[in-house]
1. Suppose we keep only residues that are within 16 Å of residue 208 (Cβ to Cβ) and either touching a residue at least 40 places away in the same chain (Cβ under 8 Å) or in contact with a helix residue (DSSP H, G or I) (Cβ under 9 Å, 6 or more places away or on another chain) (or both) within the stretch 176-194. Which one would you say is surrounded by the most Cβ atoms within 10 Å (Cβ to Cβ)?
2. List the strands (runs of 3 or more DSSP E) inside the stretch 2-76, counting only whole elements, that have at least 2 residues being over 24 Å from the mean Cα position of the chain (by Cα) and outside the structural domain of residue 105 (by TED's automatic domain parsing).
3. Looking at the stretch 92-113, which of its residues are outside any strand (DSSP E or B) and over 15 Å from residue 188 (Cβ atoms)?
């Protein structure tokens, strides 16, 4: 018997194979029943693979992670898994802001994968603010007592370099060893018009008692 749900299920199953970008079912009367024809539009055969935006690993090294192959019809499921493998490679090595920002096919039928590795454009320090109920926020609420140079000398992350979580964690350990801080948390901000860059903001909770005891050595204004 005719079942619209079965026809749609067949359509979904074909799409879910990952090989087709178009699946259109057509139903025809056939004797006392019906005949279902699925009109299929296959994905393109790719001629090559281009990876853009990579600086930490060579293109050949990254290509070895991919299951998508030139000369074959690309499969969207395989491509999603390839994307995950690329990101996993970066994240396992500490480059936790790395991501794939675009996948496209150019006029030469080459697959183009564009990466954003997460290049540090700036590092800023702000006071970690916990707003008290009913209290008004002041203009200097985010200003630190600690001088910037005190924090600068402990930084393991650098402007112009790809953000690495391991270096950031070491920076936090360096600062916490001073005893002048109670808590440090990162905040990452995207930059309009700069898809590969990131602004790193370090939210810092200063230990007031430690600062009073070591104000001279830390150059802090109390």
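1. Step one: filter the stretch 176-194 for residues within 16 Å of residue 208 (Cβ to Cβ), giving 176, 178-184.
Cutting the leftovers down to either touching a residue at least 40 places away in the same chain (Cβ under 8 Å) or in contact with a helix residue (DSSP H, G or I) (Cβ under 9 Å, 6 or more places away or on another chain) (or both) gives us 178-184.
On the way: 178: 16, 179: 14, 180: 24, 181: 21, 182: 14, 183: 12, 184: 19.
Of everything passing the filter in the stretch 176-194, 180 is surrounded by the most Cβ atoms within 10 Å (Cβ to Cβ).
2. On the way: elements: 20-30, 33-42, 48-52.
Those strands (runs of 3 or more DSSP E) span 20-30, 33-42.
3. Hits for the stretch 92-113 are 92, 93, 106, 107, 108, 109.
The values are calculated or read from the model by the stated rules, or taken from the named source; none is laboratory data. Fair warning: this is a prediction, and the values are worked out from it, not measured in the lab. Every residue, glycine as well, gets a Cβ built from its backbone with ideal geometry; the counts of neighbours run over all protein chains shown.
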